[in-house]
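Before any comments, here is the structure.
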Amino acid sequence: MTRATRFTVGRLTCWTLEGGLIRLDGGAMFGVVPKPLWERHARADDRNRILLAMRCLLVEHPDGLVLVDTGLGDKETAKFRDIYGVANAGTAGPTALEDALAEAGHGAADVKWVVNTHLHFDHAGGNTRRAGDGPPALSFPNATYVVQQGELETAAHPNERTRANYLAPNFGPVSAASRWRLVTGELELLPGVRLLPTPGHTPSHQSVLVSSGGETACYLGDLVPMAAHLPAAWTMGFDLEPLVTIATKKRVLARAAREGWELVFEHDPAVARGRLGEDPEHGWAPEPVDTVRVAP
(Lines give C-alpha, C1' and ligand atoms only; values in the text may rest on other atoms or scores of the structure.)
Protein backbone atom coordinates (compact mmCIF):
# COMPACT_ATOMS: atom_id res chain seq x y z
CA MET A 1 0.00 0.00 0.00
CA THR A 2 1.23 3.47 -0.88
CA ARG A 3 1.26 5.60 2.24
CA ALA A 4 2.56 8.88 0.77
CA THR A 5 1.11 10.62 -2.29
CA ARG A 6 2.85 13.65 -3.76
CA PHE A 7 1.00 16.63 -5.22
CA THR A 8 1.90 20.24 -5.85
CA VAL A 9 0.34 23.55 -4.96
CA GLY A 10 2.05 26.08 -7.20
CA ARG A 11 5.74 25.86 -6.32
CA LEU A 12 5.16 23.92 -3.08
CA THR A 13 5.49 20.16 -2.94
CA CYS A 14 2.94 18.54 -0.65
CA TRP A 15 2.17 15.00 0.43
CA THR A 16 -0.88 13.26 1.81
CA LEU A 17 0.36 10.80 4.42
CA GLU A 18 -1.81 7.81 5.29
CA GLY A 19 -1.51 7.53 9.07
CA GLY A 20 -3.58 4.37 9.44
CA LEU A 21 -7.22 3.48 9.93
CA ILE A 22 -9.75 3.77 12.73
CA ARG A 23 -13.41 2.80 13.12
CA LEU A 24 -15.93 5.12 14.77
CA ASP A 25 -19.67 4.74 15.31
CA GLY A 26 -21.47 5.62 12.10
CA GLY A 27 -24.34 7.33 13.89
CA ALA A 28 -21.93 9.54 15.79
CA MET A 29 -20.11 10.39 12.56
CA PHE A 30 -23.31 11.53 10.85
CA GLY A 31 -25.36 12.98 13.69
CA VAL A 32 -29.04 13.41 12.82
CA VAL A 33 -28.67 11.98 9.30
CA PRO A 34 -30.65 8.70 9.16
CA LYS A 35 -28.62 5.53 8.77
CA PRO A 36 -30.27 4.49 5.46
CA LEU A 37 -28.88 7.73 3.98
CA TRP A 38 -25.37 7.75 5.44
CA GLU A 39 -24.83 4.04 4.85
CA ARG A 40 -24.95 4.71 1.12
CA HIS A 41 -21.58 6.37 1.63
CA ALA A 42 -20.05 4.37 4.48
CA ARG A 43 -20.91 0.75 5.25
CA ALA A 44 -21.16 -0.06 8.95
CA ASP A 45 -19.70 -3.21 10.51
CA ASP A 46 -21.50 -5.44 13.02
CA ARG A 47 -20.64 -2.91 15.78
CA ASN A 48 -22.10 -0.03 13.73
CA ARG A 49 -18.62 1.38 13.12
CA ILE A 50 -17.46 2.84 9.82
CA LEU A 51 -13.94 2.82 8.43
CA LEU A 52 -12.05 6.11 8.54
CA ALA A 53 -8.63 7.20 7.37
CA MET A 54 -6.27 9.22 9.54
CA ARG A 55 -4.72 11.25 6.73
CA CYS A 56 -2.11 13.88 7.50
CA LEU A 57 -0.62 16.60 5.29
CA LEU A 58 3.06 17.33 4.78
CA VAL A 59 4.24 20.57 3.15
CA GLU A 60 7.83 20.84 1.94
CA HIS A 61 8.28 24.53 2.65
CA PRO A 62 11.52 26.49 2.13
CA ASP A 63 11.36 27.46 5.81
CA GLY A 64 11.05 23.85 6.97
CA LEU A 65 8.75 20.84 6.82
CA VAL A 66 5.20 21.45 8.00
CA LEU A 67 3.18 18.46 9.22
CA VAL A 68 -0.55 18.97 9.74
CA ASP A 69 -2.11 16.58 12.26
CA THR A 70 -0.39 13.46 13.52
CA GLY A 71 -2.93 10.64 13.66
CA LEU A 72 -3.33 8.38 16.69
CA GLY A 73 0.22 7.50 17.68
CA ASP A 74 1.36 4.38 19.53
CA LYS A 75 0.43 4.94 23.18
CA GLU A 76 -3.06 3.45 23.47
CA THR A 77 -3.99 0.16 25.15
CA ALA A 78 -5.11 -3.02 23.41
CA LYS A 79 -8.65 -2.42 24.72
CA PHE A 80 -8.71 1.09 23.23
CA ARG A 81 -7.43 -0.21 19.91
CA ASP A 82 -10.13 -2.89 19.83
CA ILE A 83 -12.94 -0.45 20.66
CA TYR A 84 -11.90 1.84 17.83
CA GLY A 85 -10.71 -0.82 15.37
CA VAL A 86 -7.31 0.82 15.09
CA ALA A 87 -4.96 -0.32 12.33
CA ASN A 88 -2.00 2.05 12.31
CA ALA A 89 1.05 -0.10 12.96
CA GLY A 90 4.09 0.62 10.86
CA THR A 91 6.67 -1.69 9.34
CA ALA A 92 9.71 0.59 9.11
CA GLY A 93 8.69 2.47 12.28
CA PRO A 94 6.20 2.06 15.13
CA THR A 95 3.35 3.74 13.23
CA ALA A 96 2.00 4.06 9.71
CA LEU A 97 2.65 7.81 9.86
CA GLU A 98 6.37 7.22 10.34
CA ASP A 99 6.32 4.83 7.38
CA ALA A 100 4.56 7.47 5.30
CA LEU A 101 7.10 10.13 6.26
CA ALA A 102 9.92 7.78 5.25
CA GLU A 103 8.18 7.05 1.95
CA ALA A 104 8.12 10.81 1.31
CA GLY A 105 11.86 10.90 2.00
CA HIS A 106 11.79 12.39 5.49
CA GLY A 107 12.09 11.44 9.13
CA ALA A 108 10.51 12.71 12.32
CA ALA A 109 13.57 14.79 13.16
CA ASP A 110 13.19 16.70 9.87
CA VAL A 111 9.80 18.18 10.79
CA LYS A 112 10.06 21.83 11.85
CA TRP A 113 6.38 22.65 12.39
CA VAL A 114 3.54 20.43 13.64
CA VAL A 115 0.12 22.03 13.21
CA ASN A 116 -2.85 20.48 14.99
CA THR A 117 -6.30 21.26 13.59
CA HIS A 118 -7.51 20.35 17.09
CA LEU A 119 -6.43 18.05 19.89
CA HIS A 120 -8.75 15.05 19.66
CA PHE A 121 -6.90 11.75 20.02
CA ASP A 122 -7.15 10.76 16.33
CA HIS A 123 -5.62 14.07 15.24
CA ALA A 124 -3.02 14.76 17.91
CA GLY A 125 -2.19 11.31 19.31
CA GLY A 126 0.95 11.16 17.21
CA ASN A 127 2.27 14.38 18.77
CA THR A 128 3.98 12.15 21.32
CA ARG A 129 5.27 8.57 21.39
CA ARG A 130 6.07 5.82 23.82
CA ALA A 131 9.43 6.23 25.57
CA GLY A 132 10.01 2.85 27.15
CA ASP A 133 8.68 2.80 30.70
CA GLY A 134 8.99 6.57 31.01
CA PRO A 135 6.51 9.34 30.21
CA PRO A 136 5.62 10.02 26.56
CA ALA A 137 8.25 11.88 24.54
CA LEU A 138 7.82 14.32 21.67
CA SER A 139 7.48 12.46 18.38
CA PHE A 140 9.02 15.36 16.47
CA PRO A 141 11.96 16.47 18.61
CA ASN A 142 12.94 19.49 16.53
CA ALA A 143 9.44 20.82 15.86
CA THR A 144 7.42 23.72 17.16
CA TYR A 145 3.82 22.59 17.73
CA VAL A 146 1.08 25.01 16.68
CA VAL A 147 -2.53 25.11 17.83
CA GLN A 148 -5.18 27.69 18.60
CA GLN A 149 -4.85 28.86 22.19
CA GLY A 150 -8.54 28.26 22.83
CA GLU A 151 -8.19 24.65 21.68
CA LEU A 152 -5.44 23.92 24.19
CA GLU A 153 -7.52 25.53 26.93
CA THR A 154 -10.51 23.37 25.97
CA ALA A 155 -8.35 20.24 25.94
CA ALA A 156 -6.71 21.02 29.28
CA HIS A 157 -10.08 21.58 31.00
CA PRO A 158 -12.40 18.91 29.59
CA ASN A 159 -15.94 18.27 30.75
CA GLU A 160 -18.16 15.20 30.76
CA ARG A 161 -18.83 15.60 27.04
CA THR A 162 -15.26 16.18 25.89
CA ARG A 163 -12.90 14.26 28.17
CA ALA A 164 -13.02 11.03 26.16
CA ASN A 165 -11.56 12.84 23.15
CA TYR A 166 -8.89 14.91 24.90
CA LEU A 167 -6.15 12.66 26.26
CA ALA A 168 -3.49 14.52 28.22
CA PRO A 169 -0.51 12.40 27.08
CA ASN A 170 -1.07 13.74 23.57
CA PHE A 171 -0.60 17.41 24.47
CA GLY A 172 0.66 17.62 28.05
CA PRO A 173 4.27 16.72 27.17
CA VAL A 174 4.29 19.48 24.54
CA SER A 175 3.30 21.97 27.23
CA ALA A 176 5.87 20.57 29.64
CA ALA A 177 8.59 21.00 27.01
CA SER A 178 7.42 24.57 26.24
CA ARG A 179 7.13 23.66 22.58
CA TRP A 180 3.73 25.14 21.79
CA ARG A 181 3.21 28.18 19.62
CA LEU A 182 -0.26 29.23 20.61
CA VAL A 183 -2.13 31.37 18.10
CA THR A 184 -5.40 33.26 18.17
CA GLY A 185 -7.48 33.62 15.04
CA GLU A 186 -6.35 33.62 11.42
CA LEU A 187 -2.60 33.73 10.92
CA GLU A 188 -0.03 33.23 8.17
CA LEU A 189 2.33 30.79 9.87
CA LEU A 190 4.77 30.82 6.94
CA PRO A 191 4.53 32.44 3.51
CA GLY A 192 1.82 30.43 1.78
CA VAL A 193 0.74 28.46 4.88
CA ARG A 194 -2.25 30.05 6.60
CA LEU A 195 -4.18 28.93 9.66
CA LEU A 196 -7.91 29.42 9.13
CA PRO A 197 -10.28 29.22 12.12
CA THR A 198 -13.15 26.86 11.26
CA PRO A 199 -15.17 26.51 14.48
CA GLY A 200 -18.00 24.11 15.13
CA HIS A 201 -16.49 20.68 15.64
CA THR A 202 -14.68 22.34 18.53
CA PRO A 203 -14.92 26.06 19.30
CA SER A 204 -11.29 26.63 18.25
CA HIS A 205 -10.92 24.12 15.42
CA GLN A 206 -8.72 25.33 12.56
CA SER A 207 -8.12 24.29 8.97
CA VAL A 208 -4.94 24.93 6.99
CA LEU A 209 -4.63 26.72 3.66
CA VAL A 210 -1.60 26.11 1.44
CA SER A 211 -1.25 28.66 -1.36
CA SER A 212 1.36 29.21 -4.06
CA GLY A 213 1.39 30.40 -7.66
CA GLY A 214 -2.31 31.16 -7.72
CA GLU A 215 -3.28 27.70 -6.43
CA THR A 216 -4.73 26.79 -3.03
CA ALA A 217 -5.32 23.56 -1.16
CA CYS A 218 -7.33 23.41 2.06
CA TYR A 219 -6.80 20.72 4.66
CA LEU A 220 -10.26 20.67 6.19
CA GLY A 221 -9.69 18.62 9.34
CA ASP A 222 -13.01 17.78 10.99
CA LEU A 223 -14.92 20.66 9.41
CA VAL A 224 -15.64 18.24 6.53
CA PRO A 225 -14.12 14.93 7.60
CA MET A 226 -15.34 12.95 4.58
CA ALA A 227 -16.62 13.93 1.16
CA ALA A 228 -20.04 12.68 2.32
CA HIS A 229 -20.08 15.51 4.88
CA LEU A 230 -20.06 18.25 2.23
CA PRO A 231 -23.83 18.96 2.52
CA ALA A 232 -24.32 21.65 5.13
CA ALA A 233 -26.69 19.65 7.34
CA TRP A 234 -24.49 16.53 7.36
CA THR A 235 -22.69 17.28 10.60
CA MET A 236 -21.24 14.91 13.17
CA GLY A 237 -22.70 13.99 16.52
CA PHE A 238 -19.19 14.72 17.78
CA ASP A 239 -19.52 18.40 16.83
CA LEU A 240 -19.77 20.50 19.97
CA GLU A 241 -21.49 23.34 18.11
CA PRO A 242 -23.30 21.81 15.11
CA LEU A 243 -25.09 25.01 14.09
CA VAL A 244 -21.74 26.77 14.04
CA THR A 245 -20.34 23.92 11.93
CA ILE A 246 -23.12 24.47 9.39
CA ALA A 247 -22.46 28.22 9.18
CA THR A 248 -18.69 27.71 8.94
CA LYS A 249 -19.07 25.02 6.29
CA LYS A 250 -21.30 27.24 4.13
CA ARG A 251 -18.81 30.09 4.34
CA VAL A 252 -15.69 28.04 3.69
CA LEU A 253 -17.11 25.89 0.89
CA ALA A 254 -18.54 28.91 -0.92
CA ARG A 255 -15.07 30.46 -0.85
CA ALA A 256 -13.49 27.17 -1.92
CA ALA A 257 -15.77 27.01 -4.96
CA ARG A 258 -15.26 30.68 -5.80
CA GLU A 259 -11.47 30.47 -5.58
CA GLY A 260 -11.06 26.96 -7.01
CA TRP A 261 -9.49 25.35 -3.96
CA GLU A 262 -8.43 21.73 -3.85
CA LEU A 263 -9.81 20.08 -0.71
CA VAL A 264 -7.96 17.50 1.39
CA PHE A 265 -10.22 15.12 3.35
CA GLU A 266 -8.66 13.81 6.53
CA HIS A 267 -10.99 10.90 7.29
CA ASP A 268 -12.34 9.77 3.92
CA PRO A 269 -10.97 6.27 3.23
CA ALA A 270 -11.61 6.56 -0.52
CA VAL A 271 -11.26 10.23 -1.52
CA ALA A 272 -8.06 11.92 -0.40
CA ARG A 273 -8.44 15.11 -2.42
CA GLY A 274 -11.23 16.69 -4.42
CA ARG A 275 -12.80 19.83 -5.81
CA LEU A 276 -16.37 21.03 -5.53
CA GLY A 277 -18.52 19.89 -8.41
CA GLU A 278 -21.97 21.40 -7.81
CA ASP A 279 -23.38 24.73 -6.74
CA PRO A 280 -24.67 25.31 -3.20
CA GLU A 281 -28.31 25.47 -4.32
CA HIS A 282 -28.21 21.72 -5.00
CA GLY A 283 -25.67 20.71 -2.39
CA TRP A 284 -21.94 20.36 -2.87
CA ALA A 285 -20.53 17.17 -4.31
CA PRO A 286 -16.89 16.23 -4.74
CA GLU A 287 -15.04 15.75 -7.99
CA PRO A 288 -12.24 13.46 -6.79
CA VAL A 289 -8.68 14.51 -7.62
CA ASP A 290 -6.97 11.64 -5.82
CA THR A 291 -8.75 8.48 -4.82
CA VAL A 292 -7.20 5.86 -2.58
CA ARG A 293 -7.93 2.25 -1.78
CA VAL A 294 -7.51 1.25 1.82
CA ALA A 295 -8.31 -2.20 3.12
CA PRO A 296 -10.00 -2.65 6.50
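For the reader, a short list of remarks on this structure follows.
- The one condition in (1) of a type outside the set (A, V, I, L, M); (2) more than 27 Å from Thr162 (Cβ to Cβ); (3) part of a strand (DSSP E or B) that Gly105 fails to fulfil: (3)
- Looking at Arg194, Arg181, just one residue is free of Cβ contacts under 8 Å to residues at least 24 places away in the same chain and in a strand (DSSP E or B), and that residue is Arg194.
- Number of positions in segment 122-149 that are part of a helix (DSSP H, G or I), out of contact with any His (no Cβ under 9 Å at 6 or more places or on another chain) and buried (at least 20 other Cβ atoms within 10 Å of the Cβ): 4
Conditions tested, residue by residue: (1) crowded, with 17+ Cβ neighbours inside 10 Å; (2) of a type outside the set (Phe, Trp, Tyr).
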position	(1), (2)
Leu21	yes, yes
Phe30	yes, no
Pro34	no, yes
Arg47	no, yes
Leu51	yes, yes
Leu58	yes, yes
Pro62	no, yes
Leu65	yes, yes
Val68	yes, yes
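- In segment 242-276, the residues that are surrounded by fewer than 17 Cβ atoms within 10 Å (Cβ to Cβ), in contact with a helix residue (DSSP H, G or I) (Cβ under 9 Å, 6 or more places away or on another chain) and at pLDDT 95 or above: none
- Every residue from segment 159-180 that is basic (Lys, Arg) and surrounded by 15 or more Cβ atoms within 10 Å (Cβ to Cβ): Arg179
- Test result for His118, of a type outside the set (S, T, N, Q), in a loop (DSSP other than H, G, I, E, B) and in contact with a His (Cβ under 6 Å, 6 or more places away or on another chain): yes
- Meets criteria (modelled with pLDDT under 95, closer than 30 Å to Gly132 by Cβ and out of contact with any Gly (no Cβ under 6 Å at 6 or more places or on another chain)) for Thr2: no
Each row is one residue, and each column tells you yes or no for (1) part of a helix (DSSP H, G or I); (2) among the charged types (D, E, K, R).
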position: Thr216; (1), (2): no, no
position: Gly221; (1), (2): no, no
position: Ala228; (1), (2): yes, no
position: Lys250; (1), (2): yes, yes
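The values are calculated or read from the model by the stated rules, or taken from the named source; none is laboratory data. Note that the structure is a prediction, hence the values are computed from the model and not measured. Ideal geometry is used to build each Cβ from the backbone, glycine not excepted, and the neighbour counts take in all protein chains shown.
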